[in-house]
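Chemist: The structure that follows is given in the form of structure tokens.
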Amino acid sequence: MPQVPRNSEARLGTPEEADFRARREREQSRYRARKPRSIRDVVAQLIAARGYGRIQADADFAATWKGIVGEPLAQYTQPGRVRRGMLEVTAANSMTIQELTFQKTDILRKLQAELPEAKIRDLKIRVGSIS
């Protein structure tokens, strides 16, 4: 009468079977690593790694900012990053900060309408150099 393996032995099998399964898994992982990748995936990875997507998004954001605040204010301000719903804006001088503060509610309303995916809730305005 053949000996019936216990549950743990049935799952593991003999050492040769375990070795075979391990070799098969290694070979399969090597095969997956050698598969050719689509050019779309390679280019997307390159754009993300080099930050080109961020540069384009910043340029689009700056154009939107210019349209919302108007040309006179846009030449003295520069939008920065959005962190936790707060847009950081750099202004050339305190007079520009005061004008932005007066128009803050209108600017926020327009930003939320133009860029809903940015989820901007507030503006943080500071004096700094404009490039």
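Chemist: Here are some conditions: (1) loosely packed, with under 10 Cβ neighbours inside 10 Å; (2) modelled with pLDDT of 85 or more. GLN98 meets all but one. Which one does it not meet?
Modeler: (1)
Chemist: Something else: Going through the stretch 73-91 one residue at a time, which ones are in contact with a strand residue (DSSP E or B) (Cβ under 7 Å, 6 or more places away or on another chain) and either closer than 15 Å to SER129 by Cα or surrounded by 13 or more Cβ atoms within 10 Å (Cβ to Cβ) (or both)? Step through it out loud before you land on a result.
Modeler: Initially, the stretch 73-91 is screened for residues in contact with a strand residue (DSSP E or B) (Cβ under 7 Å, 6 or more places away or on another chain), giving 76-81, 85-91.
Matches in the stretch 73-91: TYR76, THR77, GLN78, PRO79, GLY80, MET86, LEU87, GLU88, VAL89, THR90, ALA91.
Chemist: Let me ask you something else. So in the stretch 1-13, with the set limited to residues that are on the phi < 0 side of the Ramachandran plot and surrounded by 10 or more Cβ atoms within 10 Å (Cβ to Cβ), which one is modelled with the lowest pLDDT?
Modeler: GLU9
Chemist: Can you tell me which residues in the stretch 74-131 are among the hydrophobic types (A, V, I, L, M, F, W, C) and farther than 19 Å from ALA63 by Cα?
Modeler: The answer is MET95, ILE97, PHE102, VAL127.
Chemist: Taking the stretch 14-72 as the region of interest, how many residues are aromatic (Phe, Trp, Tyr), surrounded by 11 or more Cβ atoms within 10 Å (Cβ to Cβ) and either at pLDDT 85 or above or more than 20 Å from ALA113 (Cα to Cα) (or both)?
Modeler: So the count comes out to 3.
Chemist: Ok, one more. Would you point out which residue out of ILE125, ILE120, ILE107 is surrounded by 14 or more Cβ atoms within 10 Å (Cβ to Cβ), touching a helix residue (DSSP H, G or I) at 6+ places or on another chain (Cβ under 7 Å) and part of a loop (DSSP other than H, G, I, E, B)?
Modeler: Testing whether each residue is surrounded by 14 or more Cβ atoms within 10 Å (Cβ to Cβ), touching a helix residue (DSSP H, G or I) at 6+ places or on another chain (Cβ under 7 Å) and part of a loop (DSSP other than H, G, I, E, B) leaves just ILE120.
The values are calculated or read from the model by the stated rules, or taken from the named source; none is laboratory data. Treat the numbers as computed from the prediction; the structure is a model and nothing was measured. Using ideal geometry, Cβ is built from the backbone for each residue, glycine included, and neighbour counts are taken over all protein chains shown.
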